[in-house]
Amino acid sequence: MPSVTLSSGQLVSYLIEGKRDAPCLVFLHALFMDASMWEKQTKMLSSQYLCVSVNLRGHGDTPATEEFTPTDLVNDVFSLLDTLNIHRALIIGVSQGGWLGIEAALTHPDRVSGVVVIAASIRSQSKESRDALVQLRDVWVANGIDAIMTPFVHIAFGDDFKDEKEIKRWRDAADKRGKETYKLAFESAMSRQDLDVSSLKCPTLVIHAKQDRSFPFAEAEYTASAIPKEALSGLVLVEGGAHVLPVTHPELIEEPLKTFVNSVHEVVGASA
């Protein structure tokens, strides 16, 4: 997996595939996951696009050795794009990655051609959600990764997800990163504030599972209602899905994702 040291001194690892002269798609993962969670989506889209999946700080092979903010993560993304000589991209993010995608579009509107927000909220963590995540963190720190796998799978993958090999892959990846690194990523995620999307101008698609146990579907409805009508491309309700849809139910988001990306970039020969 390639990596680069940014001008800030932060090392960032990433995956890149597709046509180097094609429009760029940037993929931002959820907390506790990494860039490889997008492998099915990048495989689907890399024949027409340049796909860059970023490992955010404290995930994958991107280290985190000191406290950082969500703004630092957004700056890392654009610094990486600068290093790759990419000026403009469409951002696809899930959970914290969705929040970061909108923040990127608000702070760098000239560099973001569109945003796909999957299983995310533009509001700061509710007390209920924060308390649940704090409990998971504390149990992990005290007792190790295996002590939180059952509630984590319930929240992230859903009870119907039976791919034990895939679950073990994420368990091992988290264990390798270590609880101290995860604590830094956790604190950054918990510091996210409400986003004012009234100035959002780029096309934005919201995708959310009806059974999401991390953010209820009402959060997606709130997000969609807050985005200006001229920017909102649609709200897609996924029946039967879970929180990390790109991993658990890729087939349910394939068509709306591909249709939106193609419509934004008006790819010659692509279906509308």
- Filter result for the condition that a residue is at pLDDT below 95, among the hydrophobic types (A, V, I, L, M, F, W, C) and within 20 Å of the chain's Cα centre (by Cα), over 94, 52, 112, 153: 153
- Yes/no for residue 74 being in contact (Cβ under 8 Å) with a residue 12 or more places away in the chain, in contact with a Lys or Arg (Cβ under 6 Å, 6 or more places away or on another chain) and part of a helix (DSSP H, G or I): no
- From 53, 113, 121, 36, which residue is in a loop (DSSP other than H, G, I, E, B) and hydroxyl-bearing (Ser, Thr, Tyr)? 121
- Residue check for residue 232: at pLDDT 95 or above, farther than 23 Å from residue 58 by Cβ and surrounded by fewer than 22 Cβ atoms within 10 Å (Cβ to Cβ): yes
- Message: Can you find a residue that is within 30 Å of residue 22 (Cα to Cα) and in contact with a helix residue (DSSP H, G or I) (Cβ under 9 Å, 6 or more places away or on another chain) anywhere in the stretch 259-269?
- Response: yes
- Residue ID - surrounded by the fewest Cβ atoms within 10 Å (Cβ to Cβ), chosen from residues in the stretch 235-260 that are out of contact with any Asp or Glu (no Cβ under 6 Å at 6 or more places or on another chain) and part of a loop (DSSP other than H, G, I, E, B): 239
- Considering each of 263, 188 in turn, give the residue that is closer than 30 Å to residue 65 by Cα, polar (S, T, N, Q), assigned to a helix (DSSP H, G or I) and in contact (Cβ under 8 Å) with a residue 12 or more places away in the chain. 188
- Query: Among the residues of the stretch 217-258, which ones are aliphatic (A, V, I, L, M), touching a residue at least 60 places away in the same chain (Cβ under 8 Å) and closer than 19 Å to residue 160 by Cβ?
  - Reply: 242, 244, 245, 247, 253
- Verdict on residue 269 being closer than 19 Å to residue 92 by Cα, at pLDDT below 95, not hydroxyl-bearing (Ser, Thr, Tyr) and not in a strand (DSSP E or B): no
- Check off (1) on the phi < 0 side of the Ramachandran plot; (2) at pLDDT below 90 for residue 147 and give me the number that stays unchecked. (2)
- Query: For residue 102, which of the numbered conditions (1) out of contact with any helix residue (DSSP H, G or I) (no Cβ under 6 Å at 6 or more places or on another chain); (2) aliphatic (A, V, I, L, M); (3) modelled with pLDDT under 95 fails to hold?
  - Reply: (3)
- Task: Being among the small types (Gly, Ala, Ser) and loosely packed, with under 14 Cβ neighbours inside 10 Å is the filter; apply it to the stretch 104-146 and report the residue that is nearest to residue 171 (Cα to Cα).
- Result: 144
- Being surrounded by fewer than 24 Cβ atoms within 10 Å (Cβ to Cβ) and closer than 19 Å to residue 115 by Cα is the filter here, so list the residues in the stretch 19-36 that pass it. 22, 23, 24, 31
- Among (1) within 21 Å of residue 127 (Cβ to Cβ); (2) in contact with a Phe, Trp or Tyr (Cβ under 8 Å, 6 or more places away or on another chain), which single condition is residue 209 missing? (1)
- Query: Can you find even one residue in the stretch 77-85 that is more than 16 Å from the chain's Cα centre (by Cα) and among the aromatic types (Phe, Trp, Tyr)?
  - Reply: no
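The values are calculated or read from the model by the stated rules, or taken from the named source; none is laboratory data. Bear in mind that the values here come from a model prediction, so they are computed numbers and not experimental data. A quick note on method: Cβ atoms are made from the backbone with ideal geometry, for glycine too, and the neighbour counts reach across all protein chains shown.
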